[in-house]
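J.: Just dropping this structure here.
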Amino acid sequence: MNDLAAHASDALTLIFALALAGHLLLQFWLSGRQIRHVAAHRAQVPRPFDATITLPAHQRAADYTVAKARFGLLELAWGAALTLAWTLLGGLSALNSALYASLGSGLAQQMALVGAFTLVNSVLELPFSLYRTFVIEEQFGFNKTTARLWLQDLVKSVLLGAAIGGPLLALVLWLMAAAGTHWWLWTWAVWMGFNLLAMLIYPTWIAPWFNKFTPLQDEALTQRVQALMQRCGFQAQGFYVMDGSKRSAHANAYFTGFGTSKRVVFYDTLLARLSPEEVDAVLAHELGHFTHKHLPKRIVAIFAMSLAGFALLGWLGTQVWFYTGLGVLPNLQGPNDALALMLFLLAMPAFTGFLGPLFAQLSRKHEFEADAYAMAQTRGADLASALLKLYEDNASTLTPDPWYVKFYYSHPPASERLARMYPGSAIG
């Protein structure tokens, strides 16, 4: 490595370390603000909500939010430590060297590298998933998952990941080696095609692996939602109820798929809690997302960002300093495509944190637009009461920190959302 490459390597090491530390400190600062702000407003229900939300429900939401945020601090620290261990401390380089020594160069070694990395990283993160599900969610009455069901989900996820991700990874690595200098363009096209295909097949082929979907049996409700769909000019493959209650007490409803595979899915917990009029309003909100073409807009944005990312990776993968600056000795004989791919995925979050608030802001804007559409199609009071029930049932705090909202909230907090529906009026 010449002097210029050595200087570039040293510079990347320093920049990455500073970016990683800065990103972690920012996240800690925001989480600390959230914890303090929610705790400071725990003692009293905000005045606009005091007629509809009880003090015990408000305090439960505050305690749940604080518990998740405090645990999130540990996850953030552990995630940063793992990133540092895999990169600058040489973990990925050591794993690559061991597999190279036993398997030699080639596609098998690269596939094994990605597989081993994924396995080790997943095992190291597993305790956090277990604690979140069986301690925090259990403590606040949300967890309905048994140890057996959790293990079944894990096995199914591993099998699906191997069956779908394995061939896709092999194709990507083959393209990186065989498609020439513009491999990144072909790989991007394959990746985008895969994502579109996944959206098409997920509702009917993948989701039923994890949940049971039964046609909506309530004839009166079915007629209501069909009338709403027709009034709004929409068609769906069907209306289904998902047994979300077997895993969690959280409630939701969503549209999934596109084209002829679109379907409306209601959590059984949602139907048990909301009135038919409120269900109408929630569905109208989801229809609002389709009316304003929010999903295609997000897909286009993701496609554009991923194209830029693949192009950047196409250049970085040819630079020796990219590997050495991130703590990895590249293979001198044989491909380094898997190394480049994993290093890129490990390093980029430290440099792209500024994108999170931009996407969160865009998502909140979309939610306001969907709310406005729902209020034009149904009674605003039904939408407001449905949202309040969902906020209460999901233990969503009514008093989040404003800066935390700007960075992380994909949905507006209740105060902003309901105030936008009824400007200048009290909520309740």
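J.: Given points 7 Å out from each Cα along the Cα-Cβ axis, report the I302 to T204 separation in nanometres with one decimal.
T.: Each label point lies 7 Å from its Cα, and together they span 2.1 nm.
J.: In degrees between 0 and 90, to the nearest 10, how far off the longest principal axis of the chain does helix 219-232 point, with axes built from Cα atoms?
T.: Computed tilt is about 70 degrees.
J.: Please find the FRET efficiency linking Q226 to N195, where r is the Cβ-Cβ separation and R0 is fixed at 35 Å, and quote it to the nearest 0.05.
T.: It comes out at approximately 0.70.
J.: Another one. Between W29 and S122, how high is the FRET efficiency from 1/(1 + (r/R0)^6) when r is the Cβ-Cβ distance and R₀ = 30 Å? Nearest 0.05.
T.: 0.55
J.: Over all distinct Cα pairs, what is the inverse of the mean 1/r for the chain, reported as the Kirkwood hydrodynamic radius in Å?
T.: 24.3 Å
J.: Return the calculated 222 nm mean residue ellipticity for the chain, to the nearest 500 deg cm²/dmol, obtained by summing -39500 (n - 2.57) across DSSP H runs with n ≥ 4 and dividing by the residue count.
T.: -22500 deg cm²/dmol
J.: Stretch T146-K293 to full length: gain in nm at 0.36 nm per residue minus the Cα-Cα span?
T.: Between T146 and K293, full extension yields an extra 49.1 nm.
J.: Another one. Roughly speaking, what is the stretch gain from Q319 to A6, that is 0.36 nm per residue apart minus the C-alpha to C-alpha distance, in nm to one decimal?
T.: Here the segment from Q319 to A6 would lengthen by 111.6 nm.
J.: Ok, one more. So how much slack lies between N211 and A98, counting 0.36 nm per residue of separation and subtracting their Cα-Cα distance, in nm?
T.: 36.7 nm
J.: Kindly provide log₁₀ I(q)/I(0) values, in the same order as q = 0.23 Å⁻¹, from the Debye equation applied to equal alpha-carbon scatterers of region 135-185.
T.: -0.85
J.: Calculate, for W174 and L332, the FRET efficiency according to 1/(1 + (r/R0)^6) with r their C-beta to C-beta distance and R0 22 Å; round to the nearest 0.05.
T.: Approximately 0.55, to the nearest 0.05.
J.: Let me ask another. For a bin width of 10 Å, list the pair-distance distribution of region 1-156 built from all Cα-Cα distances, rounded to whole %.
T.: 9, 22, 27, 22, 12, 6, 2, 0
J.: With each label point set 7 Å from Cα along the Cα-Cβ vector, what nm distance links L89 and L312?
T.: 2.5 nm
J.: Continuing with this model, one more query. Expressed as an acute angle from 0 to 90° and rounded to the nearest 10, what is the orientation of the C-alpha long axis of helix 276-291 relative to the principal long axis of the chain?
T.: So the helix axis and the longest Cα principal axis differ by about 40 degrees.
J.: Give the separation of the Cα centroids, region 305-325 to region 352-375, in Å.
T.: Using only Cα atoms to place each centre, the spacing works out to 30 Å.
J.: Okay, next question. Scale the Cα Rg of region 272-383 by the rule-of-thumb value 2.2 N^0.38 Å and send over the ratio, two decimals.
T.: 1.66
J.: What angle do you read, to the nearest 10 degrees and between 0 and 90, between the alpha-carbon axis of helix 166-178 and the longest principal axis of the chain?
T.: The two axes meet at around 40 degrees.
J.: Checking the cross-link filter: which lysines have an alpha carbon closer than 23 Å to that of K365, excluding same-chain neighbours under 8 positions apart?
T.: K293, K297, K389, K406
J.: Run the quick spin-label model on I136 and L18: label points 7 Å from Cα toward the beta carbon, then report their separation in nm to one decimal.
T.: So the two model labels end up 3.2 nm from each other.
J.: Could you tell me how far the Cα centroid of region 1-31 sits from the Cα centroid of region 209-249, in Å?
T.: Each part reduced to its Cα centre gives a spacing of 49 Å.
Taken together, the values in this text are just the output of simple stated rules run on the coordinates, not laboratory data. Because the structure is predicted, anything quoted here is derived from the model rather than measured. Here Cβ is always computed from backbone atoms with ideal geometry, including for glycine, and neighbour counts include all displayed protein chains.
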